[in-house]
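A short write-up of the structure that comes next.
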Amino acid sequence: MKVQQISIFIENKSGRLAEVARVLGEKKVNIRALSLADTSDFGILRLLVDDTDVALETLKSGGFTVNKTEVVAVEVPDQPGGLCRILQVLDEAKINVEYMYAFVERNAGNAVIIFRFDDIDNAITTLQGKNVSILTGEKLYSL
Amino acid sequence: MEYNIWDPLHECLERKDLQHLQLERLRAILDRVAKVPCYQEKFRQAGIGPGDIHTLDDLVKLPFTTKEDLRLNYPYGMFAVPMRDVVRIHSSSGTTGKPTVVGYSRKDLNDWSNLVARFMTAAGVVPDDIVHIAFGYGLFTGAFGLHYGSELIGSAVIPMSGGNTERQIMILKDYGATALVCTPSYALTLADRIEKMGHDPRIYLKLRVGLFGGEPWSEELRREIETRLDIVATDNYGLSEIVGPGVAGECLRRKGMHIFEDHFLPEIIDPETGEVLPPGQKGELVLTNIVQEAIPLIRYRTRDITRLHYEPCECGRTLVRMEKTMGRSDDMLIIKGVNVFPTQIEEVLFQVEGCEPHYQLVVEREGTLDTLEVQVEVNENIFFDEMKKQRAFIEMIEKRLATNIGLHAKIKLVEPSSMPRHEGKANRIIDKRNK
């Protein structure tokens, strides 16, 4: 139920994001989703890719500082109120969201929300208990 | 524990006997430098002559010698012997302007070898050792000094010289070196590279001792080198203007470097006023060379900041001990009126778990305010996926720096290997204020 995510330290100077995209492209790694948190000095780029291990190795040998983290991918109908329901479930269970980002599936008409939790196992149990659809890694990487 | 001493006669003198010898040698050297035009002029201006020195306390009456004097008398103007008596020329790197040139007579080379043998013996080097010297052989005094000292002790010298880290590692491994001589930052570069090759440097090499010099380094850096290479690391001190390596060196007690006072008279002065400071006070080291023939310098301002301790050492040497140099009076950064030495910042970074000693200091002036930015290379141990944790980490270092140096410095994380890795001295300061 957990999805592997890659985080990359990006110094705030020109060409660094392009460099990440370039080395991954060369190894035929496809990016499924991304988010960038930034400050004036540096950014943290988070990626979901179709082959986490290859991406990790490629970026490390390219001189990047990289970490692997586990996140949860939740599927909700792409319609008003979809996100709200999920957040209410989490709020009621007092589960803290460290960060989140989202994208829309191409064909299914669903939105996918990526959550990073402090207590990931508790979050999964809670969401499952409320019949929220959680995507497995295999499903997500192949979307 | 037993301590080997190379020259017990001179290294363990009673202080009054030592002072007697020092005064005798000082007066002899003053007679000799009185022939050097630069000193004739200096003595004339100060209204003093060799005949006015009756006790060691009279030393303060003599004028200082500076690097500038050597530059003004470039190349041979400070020599006190004719060229027929000079058998070797060395010089500084001359990164700022003309290099400074020094000469050695045959006796000077012999004395130098003995001085180096003293501190190498103090550091634990014995005839059975294989000594790998990774200082550059050339005009720089480092490599030759340690080379002569090792040979005199009877160790096997590998005159490797600098550069080509892969080849250095191959030779260290294949030739079975037990002693390593290089700059402390290069010792870390070697450890890094061996680890990258997939080996554990502690097992991969037979190294037992390391003699490091050529740049200031902290106790934390020493601990890191010792742990990662599994060696006993000692510091030694010297500068090309005063013999080169061989002015002072640590014994295995490692409570400061013993200055070979039968050759050099040490003083500590306030770098701003030139006033001599009492024992134990921090200031600039001033050295008078009382033995050298070719280029004896009187009250030479080393620009190195340190402290002297006169209490006797458990190793049996009676010689004064100088602390590790805390930077140079001309490297000392004055930021918002606060004196900051790069080594202080290094120490703070070392105490942060996961932090590596790869950093650079950038000083700028915004309007009338000085700013200090410390650029630290990020690595997996100090990179957090959550912005909240990453910022908390940065703030934690900023707080510790503020406590330790009394100044707010901005921490900037940068990508690994974005800083130049020097095989010699690490250039850690970028001061943009004077441009």
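What's the Kirkwood radius of region B:189-339 in Å, using all Cα pairs? Kindly include the intermediate steps, with their values, before the conclusion.
Working: mean 1/r = 0.0591 Å⁻¹.
For region B:189-339, inverting the mean 1/r across all distinct Cα pairs yields 16.9 Å.
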Counting only C-alpha contacts under 8 Å and six or more residues apart, can you give the relative contact order of chain B as a whole percent? 14 percent
From the mean inverse distance of alpha carbon pairs (Kirkwood) and the Cα radius of gyration, derive Rg over Rh for region B:265-408. 1.09
For region A:70-141, report the translational diffusion coefficient in µm²/s to the nearest whole number, using Stokes-Einstein at 20 °C, 1.002 mPa s, and a Kirkwood Rh over Cα pairs. 174 µm²/s
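Going by a ≥ b ≥ c, the root eigenvalues of the Cα gyration tensor, does region B:1-121 fall in the rounded group (a/c under 1.5), the prolate group (a/b larger than b/c) or the oblate group? Please list the in-between numbers first.
Numbers: a/c = 2.05, a/b = 1.21, b/c = 1.70.
The shape class here is oblate.
Among the listed pairs A:Lys2/B:Lys388; B:Lys173/B:Lys432; A:Lys28/B:Lys196; B:Lys67/B:Lys255; B:Lys206/B:Lys255, which are separated by more than 31 Å between their Cα atoms?
Details: A:Lys2/B:Lys388 22 Å; B:Lys173/B:Lys432 43 Å; A:Lys28/B:Lys196 26 Å; B:Lys67/B:Lys255 29 Å; B:Lys206/B:Lys255 26 Å.
Beyond 31 Å between Cα atoms: B:Lys173/B:Lys432.
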5 Å binning of all Cα-Cα separations within region B:305-380, expressed as whole percents from 0 upward: 3, 12, 17, 17, 14, 13, 10, 7, 4, 2, 1, 0
So how compact is the protein assembly as shown: Cα radius of gyration and Dmax in angstrom? 30.3, 101
If you scale each eigenvalue of the Cα gyration tensor by 5 and take the root, what three semi-axes come out for chain A, rounded to whole angstrom and sorted largest first? 28, 16, 14
How big is the charge dipole of the protein assembly as shown about its Cα centre, in debye rounded to the nearest 20, if each Lys and Arg gets +1 on its Cβ and each Asp and Glu gets -1 on its Cβ? 1000 debye
Just the projected area, averaged over all directions, of the convex hull on the alpha carbon atoms of region B:64-184: how many nm²? 8.9 nm²
Number of partner chain Cβ atoms within 10 Å, mean per residue of B:375-385: 5
Counting only residues 5 or more apart in sequence or on a different chain, those whose built amide H sits under 5 Å from that of B:Arg299 are B:Thr288, B:Asn289
Tell me, what does the Kirkwood hydrodynamic radius of region A:3-69 come to in angstroms if you use every pair of distinct C-alpha atoms? 11.8 Å
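Can you give me the Kirkwood hydrodynamic radius for chain B, using every pair of distinct Cα atoms, in Å to one decimal?
23.0 Å
Taking the mean number of other Cβ atoms within 10 Å as a proxy for protection, how do you rank B:28-37, B:43-52 from highest to lowest? Kindly include the intermediate steps, with their values, before the conclusion.
Working: B:28-37: 16.1, B:43-52: 12.8.
Sorting B:28-37, B:43-52 by mean packing, highest first, produces B:28-37, B:43-52.
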To the nearest 500 deg cm²/dmol, what mean residue ellipticity at 222 nm is calculated for the protein assembly as shown from DSSP H runs of n ≥ 4 alone, each contributing -39,500 (n - 2.57), summed and divided by the residues? -9500 deg cm²/dmol
Just to confirm the number: angle between the C-alpha axis of helix B:141-153 and the first principal axis of chain B, 0 to 90 degrees, nearest 10? 70 degrees
Tilt, helix B:15-33 to longest principal axis of chain B (alpha-carbon atoms), in degrees rounded to tens, equals 70 degrees
How big is the Cα convex hull of region B:246-300 in projection, averaged over all directions, in nm²? 4.4 nm²
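The numbers here are math on the coordinates, done by the rules we state, and not lab data. These numbers come from a predicted model, not from an experiment. Glycine gets a Cβ as well: all are built from the backbone with ideal geometry, and neighbour counts include every protein chain shown.
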